[in-house]
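Throughout, read-outs are computed from the coordinates displayed, never taken from laboratory work. All values derive from a computational prediction rather than experimental measurement. Here the Cβ positions follow ideal geometry from the backbone for every residue, glycine too, while neighbour counts run over all protein chains shown.
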Ligand SMILES: [Zn+2]
């Protein structure tokens, strides 16, 4: 699973600052830097650079290609024999590289279609839709009989016939717009287009509005011919293709629906199906635009309410009239508790074995998963091969590195959530950071989301990895692209005579839609998610195949190798630094921005007085002060550490002095302090007070989640309570930093 919005949001994702015209020095340092590395004393840094260079020489396009070929030979949906075979492959590869690796099993609720779903128009005429992806002759795997039929994970079984209503993206405001036009979704089957929210949100909102079934289709404006040539001529979605995917309410809680908050190991207590709050009760079915066209062009009723028009070549109507289109929808799901397999590899740290740097990627796919997620699996294996080479040369990391290959992510982050729940106590004690890669490569454009404390680490590592296409650093290519994407109008500001330049490409906020969620938002582990993206229209379809990757995504497989280099470099810096490179000044600045935006929204809604913004703002300021203090102290101690180092350039690591170690512990404890075990309102599994997925976005983050939600709901008492809890959390974070003071 993975959002596909990056391409559409780039223009919004720019950090713009005004600098005097002509001052273009920023970001123009040489692409392959040789300077210091944050967190390392000078001599340590020199040694680290040698290790890193040795490491980065290992990942190779040819072997990444071979991993991908093996992993995508057959469809491998979670819980299948083919999925198990990929787990064995990953485990055995890790072992071959000298990394200890084991499988960990869970028993979780996974539905599969018992029979292919039926969608037919019954009025004004009868026509059965195909609901099947066509075989593409040049893509040999597209004819596999093992490809699962088009379905949405956790759809209910059902057999319904009703009038059809087009609900645009299926968000609350779309239903509001329809109500104003006198169109009611109650008792109807609705059809929504993909985009603008996680599909589980569309299912939930449809159910809340009284719909008895929902079709979700891929509009050609989103990832079809409106974007460009369709597969196999181009990388975009052809007419028969639809997007599978889970409709679990992961914004409520992810993981196995039957074991919220606890691991679904053998014999674990399970709740009853009637008690499950994370899945829909109505049939939900994905269809192609080829099929959707048949229904949509027949619809009567109001013509294209504002924002409702999509990319099919006719005016969109809402439907819902007395003599309008009627649809029959039948879904037949086989709900069973099935076994899934995580693979966990471990490289023990030499000096701080109980500090873990985690790298994770899911392995299960709806079909072949060449992009989503096995480009990431290939990168994980190449990074592991790099660590293996270092191990053979006598290297050991200071801290432990844990390599995780998750299962059943597609159904709802299940393998990672169950593992994180099982090892919650240990993770809270030991986890330094969690580095996620889901889609490693669908193109050449680097992007990342993370907690603000790790922004500088990501940028620094990206400076030391070569971008295959441009030959510049990944960092430079990323900055150049952001600058190019900046609208022309922003470039000059006539009034001040200054020109607006992007000083840094923005690193996004973590919402949900991949496996970092249990680590960051349930346990408070600092997290990163990243990858290279591009023109990718075959998401969750039968054409997310090796052939697609070779033809469009990464024909030379150089970006797979680049991802392994970058991911591994970040992991190595966290695993080797004597003083952890976490920057809480950036975190404080980001929280302050969120607060300013929130106050503005609250003001507009006449809720400005509903919460204590002053206390919150004071807490952020104190946090910022303490963050600056600890960073200064951290740098001083690293320098001292350098002086203390014997001048013989030996290869042995030096024990971190006690004072620096206390600082490291404090830096890791900050993120933990931002969780509140009482949980967010109405969704206790989510405990992080700054980051959570939005109720009505599902993928996108809603920073300061409970406060924002209360303001959206115009609920003053809730806003007061939410602000108080956030204030407490920030104060706890400040206290965590203070603990490191001598
Ligand atoms: Zn994925």
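Structure notes:
- Residues of segment 370-402 with amide N under 18 Å of the 7 Å Cα→Cβ point at residue 92: 378, 381-382, 385
- As a proxy for reagent exposure, 456, 180 were ordered by neighbouring Cβ count within 10 angstrom, fewest first; the result is 180, 456.
- Relative contact order %, segment 222-286, counting alpha carbon pairs below 8 Å whose residues are six or more apart: 27 percent
- You can think of it this way: the chain between residue 226 and residue 351 has 39.5 nm of extra reach, that is 0.36 nm per residue less the Cα-Cα gap.
- Relative contact order of the chain, pairs being alpha-carbon contacts under 8 Å that are 6 or more residues apart, as %: 19 percent
- DSSP bridge orientation in the chain - percent antiparallel, rounded to nearest 5: 60 percent
- Each peptide in 129-142, 345-358 was scored by the mean count of other Cβ atoms within 10 Å over its residues; highest first, the order is 345-358, 129-142.
- Annotation: peptides 669-682, 532-545, 464-477, 376-389, ranked by per-residue average of other Cβ atoms within 10 Å with the highest first, follow the order 376-389, 532-545, 464-477, 669-682.
- Alpha-carbon centroid distance for the pair segment 76-118 / segment 497-564, whole angstrom: 23 Å
- Acute angle (nearest 10 degrees) that the helix 199-208 long axis makes with the longest principal axis of the chain, alpha-carbon atoms: 50 degrees
- Were the residues from residue 54 through residue 42 laid out at 0.36 nm apart, the gain over their Cα-Cα distance would be 2.5 nm.
- Each listed q (0.11 Å⁻¹) maps to a log10 I(q)/I(0) for the chain from the Debye sum over equal C-alpha point scatterers, namely -1.23.
- A Stokes-Einstein calculation at 37 °C with viscosity 0.692 mPa s, built on the Kirkwood radius of segment 269-360 over Cα pairs, returns a diffusion coefficient of 170 µm²/s.
- Relative protection proxy for 46-55, 566-575, from highest mean packing down: 566-575, 46-55 (other beta-carbon atoms within 10 angstrom).
- On the basis of the beta-carbon distance and an R0 of 51 Å, residue 176 and residue 632 show a calculated FRET efficiency of 0.50.
- Model label points for residue 643 and residue 266, set 7 angstrom from Cα along the Cα-to-Cβ axis, are 5.9 nm apart.
- Gain on full extension, evaluated as 0.36 nm per residue between residue 140 and residue 115 minus their Cα-Cα distance, stands at 6.6 nm.
- Rough spin-label spacing in nm, given labels placed 7 Å along Cα→Cβ, for residue 122 and residue 470: 5.7 nm
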